[in-house]
Structures are given as structure tokens and as C-alpha cells.
Amino acid sequence: MAVLYRSDPTRGEVYARVFAQSLPAMPFHIGSAPDPAAVEYMITWTPPADLSAYPNLRLIFSVGAGVDQFDMSALPPQVGVVRMMEPGIAQQMAQMAAMAVLSLHRDMPAYLSQARQGRWQALTTRDAGRTRVGVMGLGQLGRAVLAGLAPFGFDLAGYNRSPRDIAGVDCTTDLAAFLAGSDIVVCLLPLTDETRGILNDAFFAALPDGAHLVHLGRGAQLDVAALGRALEGRLASAWLDVTDPEPLPQDHWLWSHPRVIVTPHVASQTDAAQGAAHVVAGIRADRAGQDAPGLVDRDRGY
Ligand code: NDP
């Protein structure tokens, strides 16, 4: 019985301290384990190339919220995958979404362009109550984002695969109806075979004229050429926290487009101590014969 941590070693020291306090009987190794056969739990961003060295592995804990970096079909069938769910992730995501939504709603891209030209010119404000903000993906992060947006008085909507009931939010499973009504769309879907490239020409064509996109999910969900076409047409502006590839090349047109704001995948960062506490809770649950919080459905991909 042992834990192997394979990620940033400085953060690994924080994990080691939390494990020493919370699970002192569990050997905790950073980087490599003296006896790989003893490793039952692995904390990592991507697994080692050859997992057969770890025949008793039970759970892989992702150090980040997404699990799309794992090739699920290449993992041994008995190994579970657990996503990172520490509370700071949702809090930071709610902050980032509020900043991006308010910035696009209040014409920040235009004001930044005007400021660079020394131009003092007011643009007409829009009523939040008549502005529909639609969130795609009503998981833990999508719901936190909606809760964070509630005080600003927007008309709130949500789209999700399975039906959801959230007070004050018009939830639907009908993507076309959702897009037709969304003045500002926030994408918080996980990256799966179904959502890869979902922000495409058809997506932009379904939005109302003058709509805005806030993309906080995964870069591969966005067809960048389609975004370029949409910006020449009905799309007013976009905030992209995720791109494909990452880092976005320095000479990419997205950096300098006057109606696009790019941030370098910084919406949420995992706090190491809280992340370690999430892993400890997962191991305790597993030892008790229960599912670890955040255990993903490998077939579904999230
Ligand atoms: P969850 O697994 O909690 O929620 C995902 C939600 O998306 C579920 O409600 C699910 O529906 C819904 N969904 C999945 N596929 C579809 C689909 N094809 N159509 C409609 N709805 C769908 O994930 P989180 O909320 O924790 O995280 C969401 C994503 O945010 C992560 O996967 C990651 O990619 C991204 N992220 C980005 C970060 C950043 O820094 N930019 C940081 C952290 C996460 P159902 O209820 O039916 O299963």
C-alpha cells in the first residue's frame, strides 16, 4: 500500500505534509516509488507510459479538474480515474466567469482599443435584465458560475445533457433553443468526443446577432477558424481562457484581434493543500469500499 505523486515537486512537498498528518501509515513517494508493486494510488497529470509496472494500482487522481488528458482506453480496466474537486477551483472559476462576462457585457474590448488610441468615447450600456447569460455544462463549475453571476441581475440560462433544476435559471437540454436566446455564452463543458469542436460554424450561426463567447472549458472545443468567421459576422466579442494549442503561439491572430481577450488558462488553479485533502478523502472512501469523490465515468469521459 503506497501513494506515488508524479507532478510538480514543490507542490508535492505540500501533499507530503498533508499525507503525513492525515494518513501517516500510508507511504507517500514523490517522483518514483521504491516498490512500484506497492503503489495503489497515483497522483499525476498524465500516467507514466508503462502502467504495467504498477500491477496493484487502484486509482489515478488527476492534479487538475479535467481528465481529458488521459487516454481512457489505454488504462487497465480496473483502474479508476478521479478528477480534482477542491473548493477553490469553483470559487476561482466563478470569479473568472464574472470578470469575463462583465467585461464583454460592459464593452471592455472596445474600451481597451479606444484607450490605446487615447479616445474618450462612451458606448451605450445594455440592461442586464434583458441580457441572457447562458452557461453550457451545469456541473460543479457551471453551477458555481451561475451562482456567482446571480447578483448582477442577468437573465440566466443553462444547457446540460441531463435535465437540471436550478432556482432562478432557465435550464434546458435543447441546445438550439438555448443558443438562440443566449446573448453571452459561457462554455464549461468537459472535453469529450461529443464536445470536441462543438463551438463551430453551426454554433455561432445559432447565436443572436451581437452575441459574446466566454470560453472556459477546453481549447479543442473551439473551431478557431469558425470563430474568426463569426467575428466578421454576428459575434461581437470573445474571451478565451483556453486555446488549442496551449501555449497559444506568440504570432497567433487571436492575441491581437481587437474584440478578443486571451488569458493563459488561468481561470482556476488547484490549491496544493486543498488538493491533497481531496485525494486523502478519496483514498479513505476507497479503503471503506466507497466511490472516491470525483470518480469519473471512464466510458463517458468525464
Ligand atoms: P462536471 O463533470 O462537474 O460537469 C460537467 C457537466 O457538463 C455535467 O453537468 C454534464 O452533464 C455536462 N455535459 C457533459 N457533456 C455534455 C454534452 N455533450 N452536452 C451537454 N452537457 C454536457 O465538470 P466541472 O463542472 O467540474 O468542469 C467542467 C470543465 O471545466 C472541466 O471538464 C474542464 O474542462 C473545465 N475546466 C477549466 C478550467 C480552466 O482553468 N479554464 C479549470 C477547471 C476546469 P450531465 O449532468 O448530464 O452529466
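Amide H contacts for residue 262 (H built 1.01 Å from N in the peptide plane; partners 5 or more residues away or on another chain; cut-off under 5 Å): 240. Applying 1/(1 + (r/R0)^6) with r as the Cβ-Cβ distance of residue 167 and residue 106 and R0 = 22 angstrom yields a FRET efficiency of 0.25. Modelled label positions at residue 127 and residue 75, each set 7 Å beyond Cα in the direction of Cβ, lie 4.9 nm from each other. Whole angstrom only: what separates the Cα centroid of segment 197-264 from the Cα centroid of segment 122-171? Taking the Cα centre of segment 122-171 as reference, the centre of segment 197-264 is 20 Å away. Residue 187 exposes around 0 Å² of accessible area when a 1.4 Å probe is run over every protein chain in place. Protein-only accessible surface at a 1.4 angstrom probe places the residues 193, 127, 209 in the order 193, 209, 127, largest first. If both residues of a DSSP beta bridge must be in the chain, then about 5% of such bridges are antiparallel. Charge dipole of segment 90-262 (Cα centre as origin; +1 on each Lys and Arg Cβ, -1 on each Asp and Glu Cβ, all else neutral): 420 debye, rounded to the nearest 20. Decide, for segment 90-262, between rounded, prolate and oblate: order the square roots of the alpha carbon gyration tensor eigenvalues as a ≥ b ≥ c, take rounded if a/c falls under 1.5, and otherwise choose prolate if a/b is larger than b/c, else oblate. Note, shape of segment 90-262 comes out oblate. Which of rounded, prolate or oblate describes segment 1-98 when judged by the alpha-carbon gyration tensor and an a/c cut-off of 1.5? Verdict is oblate for segment 1-98. The calculated FRET efficiency for residue 224 paired with residue 35, based on their beta-carbon distance and R0 = 45 Å, is about 0.45.
Label positions at residue 244 and residue 114, each projected 7 Å from the Cα along the C-beta direction, are separated by 3.6 nm. Computed over the chain with a Gaussian network model linking Cα atoms closer than 10 Å, the most mobile of 125, 243, 173 is 125.
Within the full protein context, the accessible area of residue 252 is estimated at about 40 Å² for a probe radius of 1.4 Å. Which of 25, 100, 220 ends up with the largest GNM mean-square fluctuation for the chain, with Cα atoms connected below 10 Å? Maximum fluctuation in the GNM of the chain, among the listed residues, is at 25. Computed over protein heavy atoms with a 1.4 angstrom probe, the accessible surface ordering of 194, 232, 86, 40, largest first, is 232, 194, 40, 86.
In this view, the solvent-accessible surface of residue 99, computed with a 1.4 Å probe and all protein chains in place, comes to about 90 Å².
Accessible area ranking (1.4 Å probe, heavy atoms, ligands and nucleic acids excluded), largest first, for 111, 41: 111, 41.
Restricting the calculation to Cα atoms, the chain yields a radius of gyration followed by a Dmax of 21.2, 67 Å. Can you give the log10 of the normalised intensity I(q)/I(0) at q = 0.19, 0.20, 0.23 Å⁻¹, computed with Debye over equal Cα scatterers of segment 133-210? The Cα Debye sum returns log10 ratios of -0.76, -0.85, -1.11. Here the accessible area is traced with a 1.4 Å probe on the protein chains. For the chain, carbon and sulfur cover 52 percent of it.
Legend: calculated FRET efficiency, residue 281 to residue 152, from the Cβ-Cβ distance at R0 = 30 Å, rounded to 0.05, equals 0.35. For the chain, the 222 nm mean residue ellipticity estimated from helices alone, with every DSSP H stretch of n ≥ 4 adding -39500 (n - 2.57) and the total spread over all residues, rounds to -9000 deg cm²/dmol.
The values are calculated or read from the model by the stated rules, or taken from the named source; none is laboratory data. Worth saying up front: this structure is predicted, and the values here are computed from it rather than measured. Cβ: placed from backbone, ideal geometry, glycine included. Neighbour counts: every protein chain shown. Side chains included, ligands, DNA and RNA excluded: accessible areas come from the protein's heavy atoms. Shrake-Rupley method; radii C 1.70, N 1.55, O 1.52, S 1.80 Å.
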